[in-house]
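Visitor: Take a look at this one; I'll ask things after.
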Amino acid sequence: MKISERHALGQWLCDYPSNKTYAEIIETMAALPNDWTHENLELWEVVETYPLAQVAQFIEDTREMIEKAIAETLEAAQ
């Protein structure tokens, strides 16, 4: 799992399976558009009332933002 993926997951989830890939976790959450809980996932309190599919989108948005910021920083350094 990439650092950006781990960081994005950590921003929105208290706990998730360490033996799953980032893609597997996001796919699981996105496949449950009307569910708020999953036995292997623990959401931070601030988003525990959101459907898992919405939190998955928050996670994806966070990962994308981190990767863009890193790319911009590297570009500026060259």
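Visitor: Can you confirm whether residue 62 is crowded, with 16+ Cβ neighbours inside 10 Å, hydroxyl-bearing (Ser, Thr, Tyr) and either more than 16 Å from residue 23 (Cα to Cα) or in contact (Cβ under 8 Å) with a residue 12 or more places away in the chain (or both)?
Guide: Taking the combined requirement at face value, the residue satisfies it.
Visitor: What are the pairs, 6+ residues apart or on separate chains, where a residue within the range 1-30 that is among the acidic types (Asp, Glu) has its Cβ under 8 Å from a residue that is surrounded by fewer than 18 Cβ atoms within 10 Å (Cβ to Cβ)?
Guide: 15/42
Visitor: Yes or no: residue 27 among the charged types (D, E, K, R) and part of a helix (DSSP H, G or I)? If you could, list the steps in order and put the result at the bottom.
Guide: Numbers: among the charged types (D, E, K, R): yes; part of a helix (DSSP H, G or I): yes.
Yes: the conditions hold for residue 27.
Visitor: Have a look at 8, 31, 23 and point out the one that is of a type in the set (Gly, Ala, Ser) and crowded, with 17+ Cβ neighbours inside 10 Å.
Guide: Values: 31 fails: crowded, with 17+ Cβ neighbours inside 10 Å; 23 fails: crowded, with 17+ Cβ neighbours inside 10 Å.
Going through 8, 31, 23 in turn, the sole match is 8.
Visitor: Can you find, within the range 31-51, the residue that is farthest from residue 5 (Cα to Cα) among those that are in contact (Cβ under 8 Å) with a residue 24 or more places away in the chain and in contact with a Ser or Thr (Cβ under 9 Å, 6 or more places away or on another chain)?
Guide: Within the range 31-51, the subset in contact (Cβ under 8 Å) with a residue 24 or more places away in the chain is 40-44, 47.
Still in the running and in contact with a Ser or Thr (Cβ under 9 Å, 6 or more places away or on another chain): 40-41, 43.
Working: 40: 18, 41: 15, 43: 16 Å.
Restricting to residues being in contact (Cβ under 8 Å) with a residue 24 or more places away in the chain and in contact with a Ser or Thr (Cβ under 9 Å, 6 or more places away or on another chain), the top hit is 40.
Quick note: the coordinates plus some simple rules give every number you see, no bench work behind them. Being a predicted model, the structure only gives us computed values, none of them experimental. Positions of Cβ are generated from backbone atoms using ideal geometry, with glycine treated the same way; all protein chains shown enter the neighbour counts.
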